[in-house]
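Taking it in order: structure first as structure tokens, then the write-up.
Only the coordinates and a few stated rules stand behind these numbers; no lab work does. What you are looking at is a predicted structure, and each value in this text was computed from that prediction instead of being measured. Every residue, glycine among them, receives a Cβ derived from its backbone with ideal geometry; neighbour counts consider all protein chains shown.
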Amino acid sequence: MTSRILGRGAAALPAAVRGEGCYIVDEAGRRYLDGSGGAAVSCLGHSDPDVRAAIHDQLDRIAFAHTGFFTSKAAEELADRLVANAPEGIGKVYLLSGGSEAVEAAIKLARQYYLEIGQPERRHLIARRQSYHGNTLGALAAGGNAWRREKYQPLLVETHHVAPCFEYHFREEGESAFDYGQRVANELETEIERLGAETVMAFIAEPVVGATAGAVPAVDGYFRRIREICDRHGVLLILDEVMCGMGRTGTLFACEQDGIAPDIVTFAKGLGAGYAPIGAMLCSDEIYGAIASGSGSFQHGHTYHGHPLAAAAGKAVLDAILDRDLLHRVRARGEALEAALNAAFGQHPHVGDIRGRGLFRGIELVEDRATKTSFDPARKLHAKIKAAAMAEGLICYPAGGTVDGRRGDHVLLAPPFIITEDQIGELVGKLGRAIDTALAA
Ligand code: PMP
């Protein structure tokens, strides 16, 4: 049957009809273990009773009241609890409907901040070449994914890109991980100086790179050096935790593990956990204070921002993560997943790297482990893994990409925080069979 949904032409996809914990059931009754939470979304699985009850309860009271006229208890409570658990300095929350919107808001907030404090010449945004920040034009301009940017290049605002921190491919022979991190972090300072520090507004980065790389954390010391450089030059640090935030890596904010606090941070996927479309931009009291005592308000807004149903879902998800001690569970299950991946693929001739934090893990597939040479892109290995995994009854998130001349196929894993040890075994077993099927095809 031809689908009338744009983007769903020839490829017939199964219709998902039911969610049961870590599983999605399709119309034919087939069960899929959700090993990636879709795209790192479904952190509580698919049938959480508390989140469903919170949404029903809000719906029974009121579904929508425009933020130009009203706030809601759900939005206020969500913001309070996010701030209470946020890195130092973060004091305000702006609720949106997803990740791209949160990133757009972050970029605009940075710009307004500098206008308010009398530095209108600060307009440049610096990002990293290996990054994805969303598909709307501002967020796409920030992202470094060449393939996603290519068609829209003439429409994108100028953004400057520096090297990612990607130890597996770019740490040099004999260089320590720490020295490597300092070297690539210093590229930010070189770029700030090249542009003229007085013209640079912000630097944006994912603490653990998701979609474009498959769960790549920075090496120890990298982000502390980034923070120092930003502070020295008065550049705002925006951390995009749309994918890696909300407990995915074992701490509520991924950057806690890097020992830094951002000026602005974005959340989305795990915040709604798939139960509602919601994103959040959090900023420091200092930024908001400058705006409050200047023109008075952030000049931004969407009809649906702060939607009460989405806020109720987000609050229930946050409560679940904090009150059920799920962060502890993410760390423990994350270690179990890492051990299972190492046992299954540590000696695999075509698995070059196994990486990540918490329940955010990636494996990279290579033609040759010794030289780290990737497979010919024409082989479309990642697409074959995705298809083979679906046939096995597993959802995982494979992708391919190139950064600074190094190409890679990777598989991103981001299972629900409620995954059991047995289900980790099932995930890794199915993934192994899917990879071998794809390699043999
Ligand atoms: N930032 C990051 C780090 C992401 O991974 C994504 C989504 N993959 C986005 C932003 C955009 O989020 P959304 O798709 O909800 O607009």
The chain: relative contact order as a whole-number percent, Cα under 8 Å and 6+ apart | 22
For region 360-410 and region 204-282, distance of Cα centres in Å | 24
Working out 0.36 nm times the residue gap between LEU13 and ALA441, then minus their Cα-Cα distance, what length gain in nm do you get to one decimal?
-> 152.0 nm
For region 247-264, take each phi angle, set θ = phi - 60°, evaluate the Karplus expression 6.51 cos²θ - 1.76 cosθ + 1.60, and give the result in whole Hz per residue in order, putting x for glycine and proline.
-> x, 3, 9, x, 10, 4, 9, 4, 5, 4, 6, 9, x, 9, 10, x, 8, 9
Efficiency by 1/(1 + (r/R0)^6): what FRET value for GLU121 and LEU156, r their Cβ-Cβ distance, R0 = 25 Å, to the nearest 0.05?
-> 0.75
Pairwise label distance in nanometres, PHE64 with ASN342, each label 7 Å out on the Cα-Cβ vector | 5.1
Measure off 7 Å from each Cα along the Cα-to-Cβ vector at LEU6 and ASP80, then give the distance between these two points in nanometres to one decimal.
-> 4.1
Karplus 3J(HN,Hα) series, Hz, for region 74-80 with 6.51 cos²θ - 1.76 cosθ + 1.60 (x for Gly, Pro) | 4, 5, 5, 5, 5, 4, 4
For ALA292, the net charge from surrounding residues (Cβ-Cβ under 12 Å; K, R +1; D, E -1) works out to -2
Segment ASP57-ASP422, length gained on full extension (0.36 nm per residue, minus Cα span) = 128.0 nm
Packing-based exposure ordering (other Cβ within 10 Å, fewest first) of ARG111, ARG357 | ARG111, ARG357
With springs only between Cα atoms under 10 Å apart, run a GNM on the chain and tell me which of TYR168, TYR94, TYR32 wobbles the most.
-> TYR168
Using unit Cβ charges (K, R positive; D, E negative) and no other charged atoms, how large, in debye to the nearest 20, is the dipole of the chain about its Cα centre?
-> 1220
Whole-percent pair-distance distribution, where bins are 10 Å wide, for the alpha carbons of the chain | 5, 21, 32, 27, 13, 3, 0
Under 11 Å from the Cβ of THR136, count the other residues' Cβ atoms, weight Lys and Arg +1, Asp and Glu -1, and hand me the total.
-> -2
Dipole in debye (nearest 20) - region 213-287, about Cα centre, beta carbon charges: Lys, Arg +1; Asp, Glu -1 | 220
Built amide H within the under 5 Å cut-off of GLY250, gap 5+ | LEU359
Can you grab the distance from the C-alpha centre of region 11-77 to the C-alpha centre of region 80-149, Å, no decimals?
-> 26
Given region 190-327, what percent of its DSSP beta bridges are antiparallel, to the nearest 5?
-> 45
Paramagnetic reach from LYS73 (point 7 Å along Cα→Cβ, amide N under 13 Å) across region 279-317 = 312
Placing each pseudo-label 7 Å from Cα in the direction of the beta carbon, GLU256 and SER293 end up separated by a distance in nanometres of 3.1
Could you pull out every residue, at least 5 positions away or on a different chain, whose amide H is within less than 5 Å of the one on VAL162? Hs are placed 1.01 Å off N in the peptide plane, and Pro or chain starts have none.
-> ALA127, ARG128, ARG129
Ordering 226-232, 204-210 by per-residue average of other C-beta atoms within 10 angstrom, highest first, gives 204-210, 226-232
In Hz, Karplus ³J(HN,Hα) per residue of region 38-48 (6.51, -1.76, 1.60; θ = phi - 60°; x = Gly, Pro) | x, 10, 6, 9, 7, 6, 10, x, 9, 9, 5
Would you work out the relative contact order for region 100-140, in percent, from Cα pairs under 8 angstrom that are 6 or more residues apart?
-> 59
Selection of GluC sites (Glu not before Pro), region 84-115, meeting DSSP coil and at most 15 other Cβ within 10 Å = GLU88
Summing +1 for each Lys or Arg and -1 for each Asp or Glu, what net charge is found among the other residues whose Cβ lies under 15 Å from the Cβ of ARG357?
-> -3
